[in-house]
Amino acid sequence: MSNGKPRIAKDFDKLSEELVNRIKLEYPFGFEDNLIIYTDAKGAKVSALPFDTDEAYYLVRMTRLEAQKIIEDDDDYDDDGNLRDDFADDVEGADDTPAIEDDEEEDSYDQPDDSGDDDDDD
């Protein structure tokens, strides 16, 4: 997984545009089916989209409904929830590794709970 890299749990709407674009390229068919459940430092179960970079391991907090809404409202995805074919061309030339921002909101979290992300109530 992260091999000593910082682990960052962050809300989708607080990510940099560059990081959002990289996540879209990683998940061209939407986010909903890739969500995992983890236990945060307070013991609460949280759903999130995992995203690994050279610098950090991100858990982008979102519920299934939020994941659906993000894709529905994003013009980079078509009506079927698939990333536009030309999206990669639009972001080509962008730096391959997003810098970790100084004002990142880092939450500590335990290991992802693989015990049934299908039975969450989102």
Qualifying positions in region 39-85 - in a loop (DSSP other than H, G, I, E, B), small (Gly, Ala, Ser) and out of contact with any helix residue (DSSP H, G or I) (no Cβ under 8 Å at 6 or more places or on another chain): Ala41, Gly43, Ala44, Ala56
Among the residues of region 28-38, which ones are part of a loop (DSSP other than H, G, I, E, B) and crowded, with 17+ Cβ neighbours inside 10 Å? Gly30, Phe31, Leu35
Members of region 29-54 found to be under 30 Å from Asp79 (Cα atoms) and among the β-branched types (Val, Ile, Thr), listed by number: Ile36, Ile37, Val46, Thr53
All positions within region 1-18 that are at pLDDT below 95, within 14 Å of Leu49 (Cα to Cα) and part of a helix (DSSP H, G or I): Asp13
Going by what's in this entry, would Asp11 be described as within 16 Å of Met62 (Cα to Cα), without any contact (Cβ under 8 Å) to a residue 40 or more places away in the chain and of a type in the set (Asp, Glu)? no
Restricting the first residue to region 69-81 and requiring it to be of a type in the set (Ser, Thr, Tyr), which pairs with a second residue that is assigned to a loop (DSSP other than H, G, I, E, B) meet a Cβ separation below 8 Å and a spacing of at least six or different chains? Tyr77/Gly30; Tyr77/Arg84
Candidates Leu25, Leu19, Leu65 - the one that is of a type in the set (A, V, I, L, M, F, W, C) and surrounded by 18 or more Cβ atoms within 10 Å (Cβ to Cβ): Leu19
So Leu49, is it in contact with a Phe, Trp or Tyr (Cβ under 9 Å, 6 or more places away or on another chain) and either free of Cβ contacts under 8 Å to residues at least 40 places away in the same chain or within 29 Å of Thr39 (Cβ to Cβ) (or both): yes
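The values are calculated or read from the model by the stated rules, or taken from the named source; none is laboratory data. The model shown is predicted, which means the values in this text are computed figures rather than measured ones. Cβ coordinates were reconstructed from backbone atoms using ideal geometry, including for glycine residues, and neighbour counts include every protein chain displayed.
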